[in-house]
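Written below as structure tokens is the structure these notes are about.
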Amino acid sequence: MIFFLISIIAGMLTVIAPCILPLLPIVIGASEAGENKVSKRAVVVITSLAISVIVFTLLLKATTLFISIPQTFWTIISGSIIIFVGIAIAFPSLWTRIPFVQKINIAGNKVIGSGFQKKSYKGDMVIGFALGPVFTTCSPTYLFIIATALPASLGLGLFYLLGFTLGLVLSLLLVAYFGQKLVNKITAHMQTAGNIKKVFGVLIMVVGILIVSGYDKKLESFILDSGYGASIKFEDNLIEKFSPQTMSSEYQVITLAGGCFWCTEAYFQEVPGVIDAVSGYSGGDSKDASYIKVSKGTTRHREAVQVTYDPNIISTEEILDIYWSHIDPTDTEGQFADKGFQYTTAIFYHDNEQKEVALDSLNRLEQSNLFEDSVATQIIPFVSFFEAEEYHQDYYKKAPDYYEDYKKASGRSGFVEENWAKDAALKFLELEQTTDKQIKKDYDYTEEEIAEMLKNLDPLAYHVVAEGGTESPFNNKYWDNKADGIYVDIVTKKPIFSSTHKYDSGTGWPSFWRTIDDNSVTLHEDNSLSTTRTEVRSEGGHVGHVFNDGPVEEGGQRFCTNSASLLFIPKEEMESQGYGGYLYLFG
């Protein structure tokens, strides 16, 4: 309920967002001279806009077709419609003078022009529907709803969306009310009410031209750079404090330093599966960071981009492939024309799984022989991240011409085209990660073969593995084993767990927060006791159970196992016993 109220507040604040302010003349222009309160035309525009916001949002989430359509398409469509509406308001007779559009003229006057000549509201409905997609791009709360709430829970996400739309409607009605007062005052000093329609018609045309040309974004940047934008910061603070955290648990975050963050962010923002890419400063030993401080190179921060992504759509491995393919990983002094520690490259992993994938990815890059020099990119644990100033965010959109010129002049574009288009580079990017591939052998045994191998187990191991028994806590072989190595199935010798995922759960049994590979074990419903549990089984038999009380930062799972089901292979013996493919786990 708290976030529903926040959604309403966010909808109300949207009308004063920098990218919406230039559009308000359209709502005010729907006022009619002589009305005491809000005109019916304004109500129709606002209602149509609200419906458009909801419909557009649901369509955007329901089909990948809409997701893949670039934002420029919607701005051109919306801007063009708004321009035509403005022409119809200000110069209704102009349509008849345009060659080859007699049919369009008739349809336009009927649908749009008549909305301003008679008591038909079809033109106002067109305006509202055209504005919907534009009004969905300016609120951090709306972006949170569409990127996090709706994918997690359609019902709850729709509830928040309705709250946001309600707040938007309330604020627009307030704008229309005061706009009506303004129109009445202006009309009183004009000879005819038609003059004010022409004025607002021209204003609407200007807004449409700004949208189509992209100058509305430059105007937005100017407003932000002038210090305006408190509503956006206010929304960001509310989201950070009150947003439902469980909704975003399915997403993962990784922080990547690839030189100038303008370029790194641009490479990720449009990638399917990437929820967000934020420019900022990572690492360092100071409690805060800013561009002025970091640019001096004395804070030990790097310019970095924090990437939030959906692992169900794009994997960590694919994220890193994108990262490698736009940097020079051998540069020890920075990136291209940008020199200094703040521009050096690094992968800041947020958990051990990311660390493993990053180390494997770096190893594959080195083995590809794509570069003569050694890879200088560091793989280090994430500590802190400070979001960069607003004018740095989405810079490739705010100043596309300057961004492209900078990318070429710095040498990045030429390097990427020359080096990452090579056969060796393409081969590297096509290779699959080896973390789940290099195992000892197939471990493909028949049931008869496994039954024979079970006979070789000692009585305790047989009781646990074959009969589903449980050994005593704090009195078993591996519960407090802290040595580096892997744990394999006692029967088939297939790797199941790694010491890098082991932790002290306080239960007295060996506990792990994940398996070594995704296909190491299978999970089964266990109703042997008075409660339902989830059994963990290897190809050899019973291993233990999995519970949801593990480390939250590692996903929340606890694989509670029996030592009797496992065989420990020390790190020093892994190569000789055929498990060398898993040595990447230990750096």
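The values are calculated or read from the model by the stated rules, or taken from the named source; none is laboratory data. The shown structure was predicted, so the numbers you read here are calculated from the model rather than taken from an experiment. Note that each Cβ is placed from the backbone with ideal geometry, even for glycine, and that neighbours are counted across all protein chains shown.
When you look at Leu5, is it at pLDDT 75 or above and surrounded by fewer than 23 Cβ atoms within 10 Å (Cβ to Cβ), yes or no?
So Leu5 fits the description; yes.
When residues of the range 303-342 are filtered for being under 21 Å from Ser374 (Cβ atoms) and under 24 Å from the mean Cα position of the chain (by Cα), how many remain?
7
For the list (1) touching a residue at least 60 places away in the same chain (Cβ under 8 Å); (2) under 11 Å from the mean Cα position of the chain (by Cα), I need the number of the one condition that Val271 fails.
Every listed condition holds for Val271 apart from (1).
Taking the range 330-354 as the search range and keeping residues that are closer than 27 Å to Thr500 by Cα and surrounded by fewer than 22 Cβ atoms within 10 Å (Cβ to Cβ), which one is modelled with the highest pLDDT?
Among those residues, the one meeting the criterion is Ala346.
Matching residues to (1) in contact with a strand residue (DSSP E or B) (Cβ under 6 Å, 6 or more places away or on another chain); (2) more than 26 Å from Tyr445 (Cβ to Cβ); (3) β-branched (Val, Ile, Thr):
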site: Ser499; (1), (2), (3): yes, no, no
site: Phe512; (1), (2), (3): yes, no, no
site: Ile516; (1), (2), (3): yes, no, yes
site: Leu529; (1), (2), (3): no, yes, no
site: Glu539; (1), (2), (3): no, no, no
site: Val552; (1), (2), (3): no, yes, yes
site: Leu566; (1), (2), (3): yes, no, no
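Could you tell me whether the range 464-478 includes any residue that is surrounded by fewer than 20 Cβ atoms within 10 Å (Cβ to Cβ), aliphatic (A, V, I, L, M), under 17 Å from Pro570 (Cα atoms) and more than 32 Å from the chain's Cα centre (by Cα)?
The answer is no, given that none of the residues of the range 464-478 is surrounded by fewer than 20 Cβ atoms within 10 Å (Cβ to Cβ), aliphatic (A, V, I, L, M), under 17 Å from Pro570 (Cα atoms) and more than 32 Å from the chain's Cα centre (by Cα).
Could you tell me whether the range 513-525 includes any residue that is out of contact with any helix residue (DSSP H, G or I) (no Cβ under 9 Å at 6 or more places or on another chain), closer than 28 Å to His350 by Cα, in a loop (DSSP other than H, G, I, E, B) and aliphatic (A, V, I, L, M)?
The answer is yes, given that some residue of the range 513-525 is out of contact with any helix residue (DSSP H, G or I) (no Cβ under 9 Å at 6 or more places or on another chain), closer than 28 Å to His350 by Cα, in a loop (DSSP other than H, G, I, E, B) and aliphatic (A, V, I, L, M).
Based on what the data block shows, is Asn476 at pLDDT below 90 and touching a Pro at 6+ places or on another chain (Cβ under 8 Å)?
Judged against the criteria, Asn476 is a match.
Pick out the one residue from Gly506, Gly485, Gly555 that is small (Gly, Ala, Ser) and without any contact (Cβ under 8 Å) to a residue 24 or more places away in the chain.
The conditions single out Gly506.
Failed condition for Ala483, given (1) crowded, with 16+ Cβ neighbours inside 10 Å; (2) in contact with a Phe, Trp or Tyr (Cβ under 8 Å, 6 or more places away or on another chain), with all others met?
If we test Ala483 against (1) crowded, with 16+ Cβ neighbours inside 10 Å; (2) in contact with a Phe, Trp or Tyr (Cβ under 8 Å, 6 or more places away or on another chain), just (1) comes out false.
Please indicate, with yes or no, whether at least one residue in the range 481-491 is polar (S, T, N, Q) and out of contact with any strand residue (DSSP E or B) (no Cβ under 7 Å at 6 or more places or on another chain).
no
Only residues in the range 354-378 that are without any contact (Cβ under 8 Å) to a residue 12 or more places away in the chain count as the first member; pair them with residues that are polar (S, T, N, Q) and surrounded by fewer than 16 Cβ atoms within 10 Å (Cβ to Cβ), Cβ under 6 angstrom, at least 6 apart or cross-chain, and list the lot.
none
Please go through the range 268-296 and pick out each residue that is in contact with a helix residue (DSSP H, G or I) (Cβ under 6 Å, 6 or more places away or on another chain) and assigned to a helix (DSSP H, G or I).
The answer is Val294, and nothing else.
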